[in-house]
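Undergrad: Once you've had a glance at the structure underneath, I'll fire off some questions.
The values are calculated or read from the model by the stated rules, or taken from the named source; none is laboratory data. None of the values given here were measured: they were computed from a predicted structure. Cβ sites come from the backbone with ideal geometry, for glycine too, and all protein chains shown count toward neighbours.
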Amino acid sequence: MRYDKRLSVVLQRGQEEYNPLTHRIEKTEDVIEEIPCYLSPISLERSMAIFGTYDKRIIVARCQGKPSKVHQEVYIEGQKYKVIRQIAYRLRYELYLEVVR
């Protein structure tokens, strides 16, 4: 498999904190990690078998290594995806993603 696509995973959202030097509330940056992956859509039959519905358009992202933690939201080329299922194997893990509209 070629891991030529990139996932942008939001690990931690920025928090608003008070800065005593400027006497203002400032927002810190989001912590985002870029992960190489292989993307492939699943068939309608497999979607029906796994999720019980045809109307979901699910993409499977296969990534190498171990996940740093459970991912909640993922961005692929600027499009936001919701993680439906995360499966960890010995040397890789899979994320089942659905487009957030």
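Undergrad: Going by the structure shown, is R57 out of contact with any Phe, Trp or Tyr (no Cβ under 7 Å at 6 or more places or on another chain) and either surrounded by 12 or more Cβ atoms within 10 Å (Cβ to Cβ) or among the small types (G, A, S) (or both)?
TA: Details: out of contact with any Phe, Trp or Tyr (no Cβ under 7 Å at 6 or more places or on another chain): yes; either surrounded by 12 or more Cβ atoms within 10 Å (Cβ to Cβ) or among the small types (G, A, S) (or both): yes.
Yes: the conditions hold for R57.
Undergrad: Only residues in the stretch 13-34 that are closer than 16 Å to S68 by Cα count as the first member; pair them with residues that are charged (D, E, K, R) and modelled with pLDDT of 90 or more, Cβ under 8 angstrom, at least 6 apart or cross-chain, and list the lot.
TA: If the second residue must be charged (D, E, K, R) and modelled with pLDDT of 90 or more, the pairs left are E34/R6.
Undergrad: Moving to a separate point now. Being basic (K, R) and assigned to a strand (DSSP E or B) is the filter; apply it to the stretch 22-54 and report the residue that is surrounded by the most Cβ atoms within 10 Å (Cβ to Cβ).
TA: Within the stretch 22-54, the first condition is being basic (K, R), and the residues that meet it are 24, 27, 46.
Those still in the list that are assigned to a strand (DSSP E or B) too: 24, 27.
Working: R24: 8, K27: 10.
Applying the filter and picking the extreme gives K27.
Undergrad: Same structure, new question: Taking the stated definitions as given, is K82 surrounded by 12 or more Cβ atoms within 10 Å (Cβ to Cβ) and either under 13 Å from R6 (Cα atoms) or at pLDDT 90 or above (or both)?
TA: yes
Undergrad: Moving on to the next point. Which residue is farthest from K5 (Cα to Cα), if the candidates are limited to the stretch 60-74 and must be aliphatic (A, V, I, L, M), out of contact with any Pro (no Cβ under 8 Å at 6 or more places or on another chain) and surrounded by 14 or more Cβ atoms within 10 Å (Cβ to Cβ)?
TA: Taking the candidates together, the pick is V74.
Undergrad: A further question on this structure: Here are some residues: V10, V60, V83. Which one is touching a residue at least 40 places away in the same chain (Cβ under 8 Å), within 21 Å of R101 (Cβ to Cβ) and part of a strand (DSSP E or B)?
TA: Working: V60 fails: touching a residue at least 40 places away in the same chain (Cβ under 8 Å); V83 fails: touching a residue at least 40 places away in the same chain (Cβ under 8 Å).
Just one listed residue meets the conditions, V10.
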